[in-house]
Amino acid sequence: MIPPREVDAHQDLPSLEQSVLARWRERDVFAESLRMREGAPEWIFYEGPPTANGRPGSHHVLSRVFKDIYPRYKTMRGYRVERKGGWDCHGLPVEIGVEQELGISSKAEIESYGIEAFNAKCRESVFAFLEEWNLLTERIGFWVDLDDAYRTLDESYIESVWWALAEIDRKGLLYEGNKVVPYCPRCGTALSSHEVALGYQDVVDPSVYVRLPAHAPAGPVQAQDAFLIWTTTPWTLPGNIAVAAGPDIEYVRARIGDETLILAAARVERVLGEDAEILERFSGGELTEAGASYRGPLFREGPDGGSMIIVGDFVTTEDGTGLVHIAPAFGEDDFRAATAAGLIDPTDPHTIINPVEPDGTYDKRVRSHDGRSYEGRFVKDPALTQELIDDLTAQGLLFKREDYEHSYPHCWRCGTPLIYYAKPSWYIATSRVREAMLAGNETVHWHPPHIKHGRFGDWLSNNVDWAISRERYWGTPLPVWRCTSGHTHTIGSFAELQERSGSELADHHRPYVDEVQFTCPHEGCEQPMSRVPEVIDVWFDSGAMPFAQHHAPLEHEDRFQQRFPADFICEALDQTRGWFYSLLAVSTLLFDQAPYRNVVCLGLILDAEGQKMSKSKGNTVEPWQVLDTYGADAFRWYFFTSKQPWDGYRFSQEAIGEGVRLFLKQLWSTYFFYVLYAHANRDALSDAEHAQGEDDLDRWARSRTANTAELVAERLDAYDATTAGRAIAGLVDELSNWYVRRSRRRFWEGDPAAFGTLRECLLIVSKLLAPFCPFVADEIYDNLDGALASVHLCEFPLGERLPEQDAALEEAMAIARETVRLGLGARAQAKIKVRQPLAEAVVVADGRERAAIERMVEIVREELNVRRVRFVHAADELGEYEVKANYRTLGPLFGKEMPLAAQAIAALDPAKVAAAVRNGEGIGIAVAGREHTLSAEDVILTMKAPDGYSVEREGVHAVALELALDDDLRREGHAREIVHAVQNARKTAGLAVEDRIALSLDGDERLLSAASAHRDYLAGETLALELTIAGQPQATMGYREQTRIDDLELMIALARSERD
RNA sequence: GGGCGAUUAGCUCAGUCGGUUAGAGCGCUUCUCUGAUAAGGAAGAGGUCCCUGGUUCGAAUCCAGGAUCGCCCA
C-alpha cells in the first residue's frame, strides 16, 4: 500500500517516458506480453508497410498509435497478438529518390548509369531512414516486431509474389492488353488507376475550338462548312484520325459572321453566342450515315482522302461542341470508338497512330503546317501548346481559345501531368472477380461504416482491370517469360526457374533476372524464352503481404493459414484505393475471401491552414518536437480523444498541451496525492494491506470506476477509442475533483480505507489507460502495485476484477452533487463566501431525490458549509411549482392533439399534481372531450422561484439558504478565515504539508476572540503544536506577516516546530 | 459533372430514438475555494445549429434542393 517510489508533483513527462522505455527494455516486456499468451487465441494484426526512404512525419505517428492501441487492448483481453513489422521497399518513390540523389531524371539516364548500379542504390536508400523510423516507433510506444519485419525486397517475399502471379495466370486472369493507360512521360511508366487517384490537381489548361473544314459535301454537310471541335489537350491533335458525333444528338449548321459551322444544337448559344443563325438541324446519325468527312490529318502527313465522322456513344453536350476529336492513342473512349468504327485493330499496334515517344516527346512525323518539325518537343510543355495554337491560328483553323479549369491527374510522385497513352501493358482481370470482391467487402466492418458502401464499395462496383506492369527498374520483376513465337509462361517459384533455365540467382531483381533464358515449354515450340522487361506495381507487393510476409505457400503455409484473415488493419483514408484495395483484390483473386475483418480508416492530418500534410509539400510537423515537449502519451492522447479519427485533424501543438493539462496532469496529480500521503502515513498504513472502504464515497468511487471500465471495454470492442478515452478522462476528473477532494481529511489522517479505495481505483485506471497512454499507465501501475513486470501484462479489468457497482448510489451522488451545485449558486447569488458558515440550507425535494440527498446529507452540509440541512416537501415555503407536459412520452400518444393536451396540463393545479405524483396517483385530464389518466412521468414539475430568497432551482429540487448571521457563525467564519491566512503563510514560508509549527497570532480583538473560541480547530487545521494568541511571538519565529480579514488586522508569526 | 463526408459559441468538439430552455473544454469577464493539482467551483458574455423548402403536434436531428469546404472519381 506504500509505493516504493516518491513522486515529483511536477514530473516532466518526456523524461518519465524515457525511464519507462528503459524499464520495458530491461524487463523485455513486449516479448513477455507475447510469451505469456502462448497458446491463447490469436488476434491477427497486419502491418501496412511504410517506406523508410524518408523521414517519418506526424501522420505516421497517427497511424502507428492507432495500430498500437487495439493490439495492446486485445492482449490485455487475453489474446495473443503477434505484431510483425513490415517495410515497403520497391517502387517509383524509391527510384525517384535515387534519381534525385544522382541528379538524373530520365529512364535513358538510368540505363546509361546502369541498372545494376541503380538498383544497388535503390536497395541502399530504402533503409536510409530506417534508424529514425525505428527510434520513433519505439519512442511513441508502438509495439511491433521490427527485428522480424517483412521486407518486400527480400528474396522470399519476391518468390511469394511470383507464386501469386503464376496462380493468377493459371486461373486465366493475367493478360497483356493494348490499351490506353494513364502514363507518366517523365517516369516512363503507366500508372494504375489507384495511383492515378492519388494525384489529381486543379489546373488551368487552354482549351481550343478548332474548325475542321468539310472534305466534301455529304448529306446535310455542304462544301464550305466546317466541323467545330473542342479539346483541352491540343497536343493530342497530331494523333487525330476522326471526329465522333453522338448518334442521337441534334446537330445544326449555324451561320455566324460569314462562315457556317456544324456543332451540337445544345451548344450553339454557349459557343457561338446569340447572333448565330441556325440554317439546318439534323441528327448525329445522319452525319455518320452520310459518310461525312473533313480535311485531315492535322500536324502530320497523311493520305488526303478525308477523315471520317464516326459514332461515339460517349459524346455529350455538357461541354465542348458535341463533336469530339478522336485520337485513339490518347484516349480510352477514342480507342474504343475507333475500334468500333474499324479504323484501328487493337491487337495490332501498327494501326494506332501514336506520334508521341515513350518519353513524352513528338516523333518525327509531327510538323507544323509550313513544314517545321516538332520532333523532340515535350507534349505537356506550355510553350509547345502555345506554338500549336499559333499554328492553328495561322492555318485559320482556330475558332476560339478559352482557359479551362479542371481537375487533372498528375504523377503521384513526380508531379508531372499524366497523359493518356496507348501501350501494351499487363493486366489482372480483377473485373472478373468484382462480385466476389463486393461479397468480401460485405464481411468487413469498416470504421467509419460509410466507407463500406460509400467510397470503397463504390470503387469496387466500378472496378476495372488492374494494370500491374511498370516499365521500371526497382521492383519485383514480372515473372513472365516470352518466346520469339509469342508464347508466354509465368514462373511461380525460384526452383521452377532454376529447373527450366539451369541458372541459380542470388538476387532475382533486375538486371540479373533479365538475363535468364529457357526453352519455351509450349508443345512443339522450342524457341528461347526471355523475360518481359516490366516490373510489378508495388501495390501488388503490399497486397500480397498476408502470405508473402511468411514466404507462404512455399514455406510456413501453416503460419499463413493460422493468420489469415486479419482481425484488424488500420491506415489512412487515402489507402482506400491503395492498400485496402490491393489486399482485397489479391486475396479475392487467390483465396476468394476478404483478407481483413475490421478496418479503421484514419483521416488526413491537416496543418494549421487546413492543408494536407505531406512530405512533398514540406509542411509536416516534426514529431520529435512534439515528443520532446509533451511526450508520447500526450501525442497519443490527442489523436485518440480530440475527435473521431476519420474526419481528419487540424493539428496544433496547443491542443496537445491542453490534453496534458486537463487530463495527464490531473491524473498525475491524483497519483501524486496518493503517494505523498501514503508516505506521510507510513506507520498507519504499514499493517493495513488493501483495506476496502465501505463508506458511501468509497463505494461510489469504486462503482464509478467499475462502470467506466465496462464502458471503455465496450467502446474499444467497437473500435471507438475516442469515446472510450473520454470516459477515462471523465472518471479521472470525478476521482480527482470529487472523491479526493471530499476525502482529503481521511488521507491526512491515514485512513487505510481511503487509501485502499483510491489505490484500487487508480490501478484500474492505469489498466484502462494502458492501451492509450502506455507510459504513464505503466508508471502508476508499477509504483502502486508492480505485482507483474508491467501493466501491459495485466488482464483488462472486467467482471470479477472489478469492484461492485451500485447504480442507486451513483444516482444518489449525482443528485447530491447537483444539490451542492445549486447551493453554491445560491451562495454566489447572495455574495457570501463559502468560508462563512450559515445556519441552514433548505432543500426542496421529494421521493427518490429527497432520499438521495438525505443519504448524502453530510456531504451536502459540508460542501455548502451550513450547520443544518432542512428538507421541505412542497414548494410552498420556497416558491411554487409549474407543471408542464412531457412531450417525449405524450407526443406519440396525442399526436395532433398534443398542443391541446399540453394546454390542459398547464392548466392543472400544480400543487395537486405534485400531491398526486407524491402519492403515486394518476392525473386526469380532458382533451378534445375525452378523459385521459396520466402517470407521474407524463408531467414535468418545475420549481418557480419566488422573489426575496436566495434560491437556486433546477427541475424538481431547489436549495435556499438562511442568510442571517449570529455572533457564533461570524466567529466561526473568522476562525476559518484565520486558518486560511495561516495556510497561506505556511505556503509562503516554504513549509512542507506535514510540517508541524509553532504559531502566534495577534491583532484585532474580534479575530483573536474567534481564534480563542475555535482554538483546537485552528491548531488542528494548521498543524500548530503551540498556539499563542495575543502574546509576544518568540524570537525564534522566523516567519511573520501582517494581513487583513474583513478589514480587521491580523499578525501571524510561525516557525517549524522541532518537536514532532 | 458524379460519389462520399463535413458545416453546431471566438477556437476545438459533443449532441442517443425527432421531444420542452442546444451542451462541454479552451479563451474572455467577475467572484470563489484550496493541507495534491500554473488545478477546482459558481456566475456572466458568447448561437440564424450553413441556407431554402418539405414531412411532423414538434426538426440541430428525417427528406428534397442549394451553398461552402475536404477527399475521391470522371
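The values are calculated or read from the model by the stated rules, or taken from the named source; none is laboratory data. Fair warning: this is a prediction, and the values are worked out from it, not measured in the lab. Cβ sites come from the backbone with ideal geometry, for glycine too, and all protein chains shown count toward neighbours.
So is A:Asp319 more than 15 Å from A:Pro238 (Cα to Cα) and either within 16 Å of RNA strand B (Cβ to nearest atom) or crowded, with 16+ Cβ neighbours inside 10 Å (or both) or not? Break it down stepwise before answering.
Working: more than 15 Å from A:Pro238 (Cα to Cα): yes; either within 16 Å of RNA strand B (Cβ to nearest atom) or crowded, with 16+ Cβ neighbours inside 10 Å (or both): yes.
Yes, satisfied.
For the range A:1-47, name all the residues that are crowded, with 20+ Cβ neighbours inside 10 Å, assigned to a loop (DSSP other than H, G, I, E, B) and of a type outside the set (A, V, I, L, M, F, W, C).
Across the range A:1-47, the qualifying residues are A:Tyr46, A:Glu47.
Going through the range A:825-856 one residue at a time, which ones are surrounded by fewer than 17 Cβ atoms within 10 Å (Cβ to Cβ), free of Cβ contacts under 8 Å to residues at least 60 places away in the same chain and closer than 28 Å to A:Ala911 by Cα?
Correct list: A:Arg848, A:Ala851, A:Glu854.
Just for the range A:447-497: of the residues that are assigned to a helix (DSSP H, G or I) and loosely packed, with under 15 Cβ neighbours inside 10 Å, which one is farthest from the chain's Cα centre (by Cα)?
Step one: filter the range A:447-497 for residues assigned to a helix (DSSP H, G or I), giving A:450-461, A:494-497.
Applying the additional criterion that residues be loosely packed, with under 15 Cβ neighbours inside 10 Å yields A:450, A:454, A:458, A:461, A:495.
On the way: A:His450: 14, A:Gly454: 17, A:Asp458: 21, A:Ser461: 25, A:Ala495: 44 Å.
Per the criteria, the residue is A:Ala495.
Is it true that A:Thr933 is touching an Asp or Glu at 6+ places or on another chain (Cβ under 7 Å), modelled with pLDDT of 75 or more and surrounded by fewer than 18 Cβ atoms within 10 Å (Cβ to Cβ)?
Details: touching an Asp or Glu at 6+ places or on another chain (Cβ under 7 Å): no; modelled with pLDDT of 75 or more: yes; surrounded by fewer than 18 Cβ atoms within 10 Å (Cβ to Cβ): yes.
No, not satisfied.
Among the helices (runs of 4 or more DSSP H) confined wholly to the range A:234-349, which include 1 or more residues that are within 28 Å of A:Arg372 (Cβ to Cβ)? Give the steps one after another, and end with the answer.
Details: elements: A:268-272, A:284-289, A:332-340.
In the range A:234-349, A:332-340 are the helices (runs of 4 or more DSSP H) which contain 1 or more residues that are within 28 Å of A:Arg372 (Cβ to Cβ).
Would you confirm whether or not the range A:158-179 contains a residue that is within 32 Å of the chain's Cα centre (by Cα) and among the aromatic types (Phe, Trp, Tyr)?
no
Residue by residue, here is whether (1) at pLDDT below 95; (2) crowded, with 17+ Cβ neighbours inside 10 Å; (3) out of contact with any Ser or Thr (no Cβ under 9 Å at 6 or more places or on another chain) holds:
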{"site": "A:Gly103", "(1), (2), (3)": "yes, no, yes"}
{"site": "A:Glu111", "(1), (2), (3)": "yes, no, yes"}
{"site": "A:Glu124", "(1), (2), (3)": "yes, no, yes"}
{"site": "A:Leu146", "(1), (2), (3)": "yes, yes, no"}
{"site": "A:Glu155", "(1), (2), (3)": "no, no, yes"}
{"site": "A:Trp162", "(1), (2), (3)": "no, yes, no"}
{"site": "A:Ile168", "(1), (2), (3)": "no, yes, no"}
{"site": "A:Tyr175", "(1), (2), (3)": "yes, no, yes"}
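Considering only residues of the range A:627-655 that are in contact with a helix residue (DSSP H, G or I) (Cβ under 9 Å, 6 or more places away or on another chain), assigned to a helix (DSSP H, G or I) and within 11 Å of RNA strand B (Cβ to nearest atom), which is modelled with the lowest pLDDT?
A:Ala655
To keep it simple, each residue is scored yes or no on (1) closer than 20 Å to A:Leu604 by Cβ; (2) among the small types (Gly, Ala, Ser); (3) touching an Asp or Glu at 6+ places or on another chain (Cβ under 7 Å).
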| position | (1), (2), (3) |
| --- | --- |
| A:Gly631 | no, yes, yes |
| A:Gly648 | yes, yes, no |
| A:Phe651 | yes, no, yes |
| A:Ile656 | yes, no, no |
| A:Leu662 | no, no, no |
| A:Trp668 | no, no, no |
| A:Tyr674 | no, no, no |
| A:Tyr677 | no, no, no |
| A:Arg682 | no, no, no |
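When you look at A:Glu977, is it farther than 19 Å from A:Glu840 by Cα and modelled with pLDDT of 80 or more, yes or no?
yes
So which residues in the range A:498-513 are without any contact (Cβ under 8 Å) to a residue 60 or more places away in the chain, buried (at least 16 other Cβ atoms within 10 Å of the Cβ) and of a type in the set (D, E, K, R), if there are any at all?
Matches in the range A:498-513: A:Arg500 only.
If you go through the range A:689-709 one residue at a time, how many are surrounded by fewer than 19 Cβ atoms within 10 Å (Cβ to Cβ) and within 16 Å of RNA strand B (Cβ to nearest atom)?
Residues in the range A:689-709 being surrounded by fewer than 19 Cβ atoms within 10 Å (Cβ to Cβ) and within 16 Å of RNA strand B (Cβ to nearest atom): 1 in total.
For every residue, the table says whether it meets (1) farther than 27 Å from A:Ile326 by Cα; (2) away from RNA strand B (no atom under 12 Å from the Cβ).
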| site | (1), (2) |
| --- | --- |
| A:Ile419 | no, yes |
| A:Thr430 | yes, yes |
| A:Val433 | yes, yes |
| A:Thr443 | yes, yes |
| A:His447 | yes, yes |
| A:Asp458 | yes, no |
| A:Glu471 | no, yes |
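With the structure loaded, tell me whether A:Leu961 is among the hydrophobic types (A, V, I, L, M, F, W, C) and at pLDDT 80 or above or whether it fails that test.
Details: among the hydrophobic types (A, V, I, L, M, F, W, C): yes; at pLDDT 80 or above: no.
So A:Leu961 fails the test.
What number goes with the only condition from (1) near RNA strand B (Cβ under 7 Å from one of its atoms); (2) over 30 Å from A:Pro752 (Cβ atoms); (3) of a type in the set (D, E, K, R) that A:Lys665 does not pass?
(2)
Can you give me the number of residues within the range A:828-839 that are near RNA strand B (Cβ under 8 Å from one of its atoms) and at pLDDT below 75? If you could, list the steps in order and put the result at the bottom.
First pass over the range A:828-839, keeping only residues near RNA strand B (Cβ under 8 Å from one of its atoms): A:828-829, A:831, A:833-836.
Next, only the ones that are at pLDDT below 75 stay: A:828-829, A:831.
Adding up the residues that qualify gives 3.
Let me spell it out: the conditions are (1) away from RNA strand B (no atom under 16 Å from the Cβ); (2) modelled with pLDDT of 75 or more, and A:Gly948 meets all of them except one. Which number is the exception?
With (1) away from RNA strand B (no atom under 16 Å from the Cβ); (2) modelled with pLDDT of 75 or more applied to A:Gly948, the lone miss is (2).
Among the residues in the range A:611-626, are any part of a strand (DSSP E or B), within 13 Å of RNA strand B (Cβ to nearest atom) and either modelled with pLDDT under 90 or under 29 Å from A:Leu21 (Cβ atoms) (or both)? Please lay out each step first, then the result.
Kept after step one, since they are part of a strand (DSSP E or B), are these residues of the range A:611-626: A:612.
Then drop every residue that is not within 13 Å of RNA strand B (Cβ to nearest atom), which leaves A:612.
Applying the additional criterion that residues be either modelled with pLDDT under 90 or under 29 Å from A:Leu21 (Cβ atoms) (or both) yields A:612.
Looking for residues that are part of a strand (DSSP E or B), within 13 Å of RNA strand B (Cβ to nearest atom) and either modelled with pLDDT under 90 or under 29 Å from A:Leu21 (Cβ atoms) (or both), one finds at least one in the range A:611-626, hence yes.
I'm trying to understand the selection: among the residues of the range A:166-193, which are assigned to a helix (DSSP H, G or I), of a type outside the set (Asp, Glu) and within 28 Å of A:Thr339 (Cβ to Cβ)? Don't jump to the end; show me each part of the working.
Step one: of the range A:166-193, the residues assigned to a helix (DSSP H, G or I) are A:166-170, A:193.
Subset that is of a type outside the set (Asp, Glu): A:166, A:168, A:170, A:193.
Correct list: A:Ile168, A:Ser193.
Restricting to the range A:124-149, name every residue that is in a helix (DSSP H, G or I), touching a residue at least 40 places away in the same chain (Cβ under 8 Å) and of a type outside the set (S, T, N, Q). Walk me through it before giving the result.
Restricting attention to the range A:124-149, the residues satisfying the condition of being in a helix (DSSP H, G or I) are A:124-126, A:130-139.
Next, from what is left, pick out any that are touching a residue at least 40 places away in the same chain (Cβ under 8 Å): A:125-126, A:130, A:132-133, A:136-139.
Hits for the range A:124-149 are A:Val126, A:Leu130, A:Glu132, A:Trp133, A:Leu136, A:Glu138, A:Arg139.
Inspect the range A:76-97 for any residue being without any contact (Cβ under 8 Å) to a residue 12 or more places away in the chain, part of a helix (DSSP H, G or I) and over 26 Å from A:Glu357 (Cβ atoms) and give the result as yes or no. First the steps, then the outcome.
If we filter the range A:76-97 for residues that are without any contact (Cβ under 8 Å) to a residue 12 or more places away in the chain, which is where we start, we get none.
Checking the range A:76-97: not a single residue is without any contact (Cβ under 8 Å) to a residue 12 or more places away in the chain, part of a helix (DSSP H, G or I) and over 26 Å from A:Glu357 (Cβ atoms).
List every residue pair whose Cβ atoms sit under 9 Å apart, with the two residues 6 or more apart in sequence or on different chains, where the first one lies in the range A:634-650 and is closer than 18 Å to A:Lys665 by Cβ and touching a residue at least 40 places away in the same chain (Cβ under 8 Å) and the second, anywhere, is of a type in the set (Asp, Glu) and more than 9 Å from RNA strand B (Cβ to nearest atom).
Listed pairs, sorted by first residue: A:Arg636/A:Asp68.
For the range A:981-1011, which positions are farther than 17 Å from A:Thr1028 by Cα and either within 12 Å of RNA strand B (Cβ to nearest atom) or in contact with a strand residue (DSSP E or B) (Cβ under 8 Å, 6 or more places away or on another chain) (or both)?
So the first thing to find is which residues in the range A:981-1011 are farther than 17 Å from A:Thr1028 by Cα, and the list is A:984, A:987-995.
Answer for the range A:981-1011, where residues must be farther than 17 Å from A:Thr1028 by Cα and either within 12 Å of RNA strand B (Cβ to nearest atom) or in contact with a strand residue (DSSP E or B) (Cβ under 8 Å, 6 or more places away or on another chain) (or both): A:Asn984, A:Lys987, A:Thr988, A:Ala989, A:Leu991, A:Ala992, A:Val993, A:Glu994, A:Asp995.
Quick one: which residue in A:Gln201, A:Gln222 is more than 16 Å from RNA strand B (Cβ to nearest atom) and surrounded by fewer than 20 Cβ atoms within 10 Å (Cβ to Cβ)? Before the answer, list the steps.
Numbers: A:Gln201 fails: more than 16 Å from RNA strand B (Cβ to nearest atom).
One residue alone meets the criteria, A:Gln222.
Any chance the range A:727-739 includes a residue that's surrounded by fewer than 16 Cβ atoms within 10 Å (Cβ to Cβ), within 12 Å of RNA strand B (Cβ to nearest atom) and over 20 Å from A:Tyr781 (Cα atoms)? Break it down stepwise before answering.
Quick first cut of the range A:727-739, residues surrounded by fewer than 16 Cβ atoms within 10 Å (Cβ to Cβ) only: A:730, A:733, A:737.
Imposing the further condition that a residue be within 12 Å of RNA strand B (Cβ to nearest atom) reduces the set to A:730, A:733, A:737.
Going one step further and asking which of them are over 20 Å from A:Tyr781 (Cα atoms), we end up with A:737.
Looking for residues that are surrounded by fewer than 16 Cβ atoms within 10 Å (Cβ to Cβ), within 12 Å of RNA strand B (Cβ to nearest atom) and over 20 Å from A:Tyr781 (Cα atoms), one finds at least one in the range A:727-739, hence yes.
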